[in-house]
Structures are given as structure tokens and as C-alpha cells.
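Q: Before I ask anything, here is the structure I am working with.
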Amino acid sequence: MKTVLVVFGTRPEAIKMAPVVNGLLSDPQHFKTIVCVTGQHREMLDQVLHIFNIVPDYDLNIMKQGQDLYDVTSKVLLGMRDVLIASKPDIVLVHGDTTTSMAAALAASYQQIAAGHVEAGLRTNNIYSPWPEEMNRQITSRIASIDFAPTPLSKNNLLEENVSPDKIIITGNTVIDALLWVVDKIKSDNVLDRKLLNEISSFGYDCNRLKNGKKLILITGHRRENFGNGFHHICQAIKTLSSKYSDVDFVYPMHLNPNVRKPIHDMFGKDLTCLGNLFFIEPLEYLSFIYLMEKSHIVLTDSGGIQEEAPSLGKPVLVMRDTTERPEAVNAGTVKLVGTDYDAIVSQVSNLLDNEAEYRKMSNAVNPYGDGKATQRIIEHLR
């Protein structure tokens, strides 16, 4: 039997690692599964743990108001020292590009414990875009004994960095596993459907507004590199678009980070409750967010994971970043980069709203991120 320690700390990591955790737990003959969360995100992380019925064995609970990257890195590194000594894993699984993942992999290497990197090989090759994610994932892959690459392009990125081919396994992306599970759960459960409808309404948006064919633009933003002028330009573009398309609803679940919220209040005022077709609402839990994304027409985001998820639901994605570590989506036509440029955002959203052929082209493009069987491939390799 192999002891596998799974470590994650943010909501996106939790969503993408939940299928892996539950897959390992369903095979106690081959695996002793131990889960450690760092709490790099706290409330949003706990929501996902509840949805996927995951109870951590260890919780470093590092989240503190005003913490910076030095705080996160040092707390995870020191916290993992004791967890690794106590749990004695054969391998530590980390995910993606967070500071939690980088520090946990580094901690494992200090005790000469193998690390497996899920969603390995994504690259922009600019260590400051996105920051600190690009550097985190490069360091993590350097440390990892095995890289689970989601796509052939990700594998090729690793090969170009002289990673040995026998260390790389192409799996698809586990986010699709999680997404398909959630969508099926919602569609097969009328009680859950009504619950999510009411939950979103309590947060500030009534999905019944969409019954007569009204379109919804779903907006998210949280990237550090967009803090300041970037978010100011995003807010300007949203203001223009909501005025230009008064028959379209614009819904923006706001990240808890004050750097995200300040430019919104600067642009739209302290009271965000009476803005016509523009709805700034509190952050949604994962199930509610997927429910709303499934009902959306277009997604405008700076998120990485949403670039993978939304195309599986047939939703065009406009990415408010200058670079992406997911060029497969751009090449497949499911995603377009618009950066934080006011004119580009307004122009591209307008094009998708006004040009039905362009919309269908993006909506019908094939998602390059897999078939929902990534977890199965990871577990088969670990056996």
C-alpha cells in the first residue's frame, strides 16, 4: 500500500484536486490517503471541501489579514515540516501554480520525499505574468518526481526544459472531471437546482430574469497583476458595456480581496445594489458559480481554471490578461485574450453580442482540456 499525501490551499486547487482525493479514497486497497490543507484561501476553500465531502487530516490554517507572499511561503514550509514527519508519505501530490504548491513541494524535497505535480507544464515563460504563479509552477516542476501534464503542449513545454520523458504523464485536466460531476449532480437533483437558484438570489441576482431569453455576461477578476490600473480599466469597460447593452445582465461575483473591491467602489460608489442591469454580488460557492456559468452567454475573466471549464459548457471566454499559460484554448478558439485594455474589452464583448456567427464559432469549438477521465489516469499511474 502506498501512502499519498495530497496538499492544497486555495479554492481552485481544491476543486481540481477533489476528484483525485475522492478517487484515491475509493481505492483503500492500494492507497492510504492523507489530506492536508493550508488555508491559503479560507472561506472559499472550506466551501469546496464541503461540496466534495472532503475532511482534511491536517489544516495549517495559515490565512491572516494582510499576509504577503513571504508569509504564505514561510508558513507553509514550516507547517509542512511537521506534517511530513507525522504522516511519512511515499509521495506528496500538489497542484498547479500556487504558493502553497511550490512551498509544499519544496518541503517534501527537504525530506527527500517524492512529489507529484498535477497540472504540470503550463507556461507563459514570463515569470512576472502571471505573478507569482509562473515562477511557482516552474519551481514545482523542477522539484517534482512525476509531472501530470494536462495536454500534449504542456508535456512539450516540460520536454523543452529537459524534463525526462518518463517523468511526464498526459492526463487531461481534473477540472473537467470536477465540472462534469457537478453539472450532472445539479441536473439530476431538482431540489438542489431550486436551492442554488434561491442561493444566488440571496446573494443579489435573480436567475429568473433570464427566462425570456435575456443574456447574461458573467465576470470574475482576482489576479495580482491586474491590481491598480488593470482593475480600473476593467471597471470602466463594464460600465460602458452595461450602458450600451441595457437588455443584457452583467453579473460580477466580487473576490474578497480589497484590491479587487476598491476600484469597483471607486467607479460605482459605495452602494452597489441599484445599478440597473449591473449586479455586483458576493463570492459564490463552487456549485452556485457553476450553476450561473451554465446559464451565462459569455464569460469575462482573468481566471485560469475558468478558461478550461467554461468551454465544456459551450461558453466563449474572454480573458482579461496579456498572456495565458493555456494557449491550447486560444489555439482551439474557445478563448480570446483581451488584456485589461478598455477598448479591447468593449470591442470583443460587443463583437460576441452583435455577431451571431462569431459567437457560434467560439461556442462550438472543442475544449482541448480533456474528457473527464484525468483522475483515472493519475491513479492508474500511482498504483
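Q: P(r) tail for the range 148-214, what percent of Cα pairs lie past 15 Å?
A: For the range 148-214, the fraction of Cα-Cα distances above 15 Å is 69 percent.
Q: Further, regarding this structure: Taking the Cα atoms only, what angle lies between the long axis of helix 99-110 and the longest principal axis of the chain, rounded to 10 degrees?
A: The two axes meet at around 10 degrees.
Q: Related question: I need the shape label for the range 12-133. Rule: rounded when a/c is under 1.5, else prolate if a/b > b/c, else oblate, with a, b, c from the alpha carbon gyration tensor.
A: It is rounded, given that a/c, with a ≥ b ≥ c, falls under 1.5.
Q: I've got another one for you. When we measure straight from the Cα of K270, which lysines land under 21 angstrom away, once same-chain ones fewer than 8 places off are left out?
A: Straight-line reach from K270, under 21 Å: K239, K262.
Q: Counting only residues 5 or more places away or on other chains, whose amide H sits under 5 Å from the amide H of K2 once H atoms are built in the peptide plane?
A: F31, K32
Q: Do any chymotrypsin sites (Phe, Trp or Tyr not before Pro) in the range 23-77 lie in a loop, going by DSSP, with at most 12 other beta-carbon atoms within 10 Å of their beta carbon, and if so which?
A: The qualifying sites: there are none.
Q: Going by alpha carbons, how many degrees (0 to 90, nearest 10) lie between the helix axis of 133-143 and the longest principal axis of the chain?
A: 20 degrees
Q: Could you work out which residue, out of P28, P19, P368, moves most in a Gaussian network model of the chain, that is, has the largest mean-square fluctuation with Cα springs under 10 Å?
A: Highest fluctuation of the listed residues: P28.
Q: Then there's this: Loop only by DSSP, 14 or fewer other Cβ within 10 Å of the Cβ. Give me the trypsin sites (Lys or Arg not before Pro) in the range 63-95 that pass, ordered by residue number.
A: Answer by residue number: K64.
Q: Figure the gain on full extension for K185 and L25 (residue separation times 0.36 nm, minus the Cα-Cα span) and round it to one decimal in nm.
A: Working it through step by step, the gained length comes to 55.6 nm.
Q: Please go through the residue pairs K32/K195; K195/K315; K185/K295 and name each one whose alpha carbons sit more than 25 Å apart in this structure.
A: K32/K195
Q: Using modelled backbone amide H atoms (1.01 Å from N, in-plane), which distant-in-sequence or interchain residues come within less than 5 Å of I168's amide H?
A: Counting only residues 5 or more places away or on other chains, the set is D147.
Q: Measure nothing fancy, just the Cα-based angle from helix 342-354's long axis to the longest principal axis of the chain, in degrees from 0 to 90, nearest 10.
A: Taking the Cα atoms of the chain, the angle to 342-354 is about 70 degrees.
Q: Please state the shape class of the range 187-363: rounded when a/c is under 1.5, otherwise prolate if a/b exceeds b/c and oblate if not, all from the C-alpha gyration tensor.
A: Judged from the Cα gyration tensor, the range 187-363 comes out rounded (a/c under 1.5).
Q: Rounded to the nearest 0.05, what FRET efficiency do D343 and N259 have when you use their Cβ-Cβ distance and R0 = 25 Å?
A: Approximately 0.60, to the nearest 0.05.
Q: I would also like to ask the following. Among E13, E358, E134, determine the one that fluctuates most according to a GNM of the chain built with springs between C-alpha atoms less than 10 Å apart.
A: Largest GNM mean-square fluctuation: E358.
Q: Just check the range 239-300 against the gyration tensor rule for me: Cα atoms, a ≥ b ≥ c as the square roots of the eigenvalues, rounded for a/c under 1.5, and otherwise prolate or oblate depending on whether a/b exceeds b/c.
A: Oblate is the answer for the range 239-300, as a/c is 1.5 or above yet b/c matches or exceeds a/b.
Q: Under 22 Å Cα-Cα from K167, which lysines qualify once same-chain neighbours fewer than 8 residues away are excluded?
A: K2, K16, K155, K373
Q: Would you compute, from DSSP H runs of 4+ residues alone, the mean residue ellipticity of the chain at 222 nm, taking -39500 (n - 2.57) per run and dividing by the full residue count, rounded to the nearest 500?
A: Here the helix-only value at 222 nm equals -14500 deg cm²/dmol.
Q: While we're looking at this one, here's another question. Please state the relative contact order of the range 21-91 as a whole percent: Cα pairs under 8 Å, 6+ residues apart?
A: In percent, rounded to a whole number, it is 28.
Q: Additional query: Among K295, K185, K16, which one shows the highest mean-square fluctuation when the chain is modelled as a Gaussian network with alpha-carbon springs under 10 Å?
A: K185
Q: Now for a different question. In bins 10 Å wide, starting from 0, what share of all Cα pairs of the chain does each bin hold, as a percent?
A: 5, 24, 34, 25, 10, 2, 0
Q: Tell me the relative contact order for the chain as a rounded percent, counting alpha carbon contacts under 8 Å between residues six or more apart.
A: The normalised contact order for the chain reaches 15 percent.
Q: Taking the Cα of S164, stepping 7 Å toward and past its beta carbon, and measuring to each backbone N in the range 122-147: which are under 11 Å?
A: 145-146
Read-outs throughout are calculated quantities, based only on the coordinates presented, and are distinct from any laboratory measurement. Note that the structure is a prediction, hence the values are computed from the model and not measured. Reconstructed Cβ throughout: ideal geometry from the backbone, glycine too, with neighbour counts over all protein chains shown.
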